[in-house]
Every structure is written in structure tokens, then in C-alpha cells.
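Heads up, the thing below is written out as C-alpha cells.
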Amino acid sequence: TFQAEQWVPKFSVDYFISSKQQFRLSLQWVAIKAKEDEFFRIPASPGDLIPTAKPPGPSDNFSLSQISLQLRYRWEIAPLSDIFVVYTRLSDQGAALGNSDFGDIFSNSYDSPLADVLVFKIRYRFGT
């Protein structure tokens, strides 16, 4: 078993430049720090787990971090017709814990992204 701390902050801001333009910033971070606590064995026959001492080897402590940052600009060029420009940065990291605090976990995860994507999208309504 593990003793764990979890942070799940989310920040989102919408700014309406005009009735046809919008800017959105969204940031979500999920972080977990887990330290080994108790150890158990599975019994040979069905029943309760059997408490045991820590097996030899390295620590099982770990940390996980996932960050999602999105910047989006939307311009309505006509009813049901829009232009979007979207920047997305995704980071995902799992590592041995060491003495890391949540600030270090965030920095390490943000500095090594899985994806840096810039997307330009046009949605246009055809017809009358």
C-alpha cells in the first residue's frame, strides 16, 4: 500500500474581445506523490492478504504528473462559421520520487512535453 498526496488544480479564463471574438486559456495539472507504506503477500488459498516485511530492493516510491495547457482564439466570421487557432501543450511524467516536492514535479513535467501542437481550423457553414 502507499501513502499518497494528490493535487488537481485547474485554471480557466475566457476573455471576450468582442461579440465575435473569444480568447480562452485553460491549464489543468494532476500530480500524485506516493510513498510505500505496507507490504502484503497473496495467500496460497483464498483469504485475507498476509502482512509481510518490505522485500529487498529499491524503494517503490513514485510520482506522476500530467499537465494540459491550451490557448484558443475563436473568431466568428459569420453565423455558424468560425476560425480557430489553438495551441496545446501536453506533458506526462512518471518517475521515482526521491525528495521531490510538487513544484519540482510540475517543472520537470512542463519542461519535457509529449506534444506541442498548433492547430488552425476553419468551420464554415455552406448553404442559405
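The values are calculated or read from the model by the stated rules, or taken from the named source; none is laboratory data. Here the structure is a predicted model, which is why all the values come from computation and not from measurement. For neighbour counting, all protein chains shown are included, and Cβ atoms are generated from backbone atoms with ideal geometry for every residue, glycine included. For accessibility, only protein heavy atoms count, side chains too; no ligands or nucleic acids. Shrake-Rupley method; radii C 1.70, N 1.55, O 1.52, S 1.80 Å.
Descriptive notes on the structure:
- Qualifying residues in region 7-25 (those that are surrounded by fewer than 11 Cβ atoms within 10 Å (Cβ to Cβ) and under 18 Å from Gln66 (Cβ atoms)) - the one modelled with the lowest pLDDT: Val8
- Verdict on Ile83 being among the β-branched types (Val, Ile, Thr), within 15 Å of the chain's Cα centre (by Cα) and surrounded by 15 or more Cβ atoms within 10 Å (Cβ to Cβ): no
- Contacts under 7 angstrom Cβ, first residue in region 44-60 being under 18 Å from Thr1 (Cβ atoms) and at pLDDT 90 or above, partner open to solvent by 70 Å² or more (accessible area, probe 1.4 Å) and hydrophobic (A, V, I, L, M, F, W, C), 6 or more apart: Leu49/Phe40; Leu49/Ile42; Ile50/Phe40; Pro51/Phe40; Thr52/Phe40
- Residue check for Asp116: acidic (Asp, Glu), modelled with pLDDT of 80 or more and either open to solvent by 60 Å² or more (accessible area, probe 1.4 Å) or at negative phi (or both): yes
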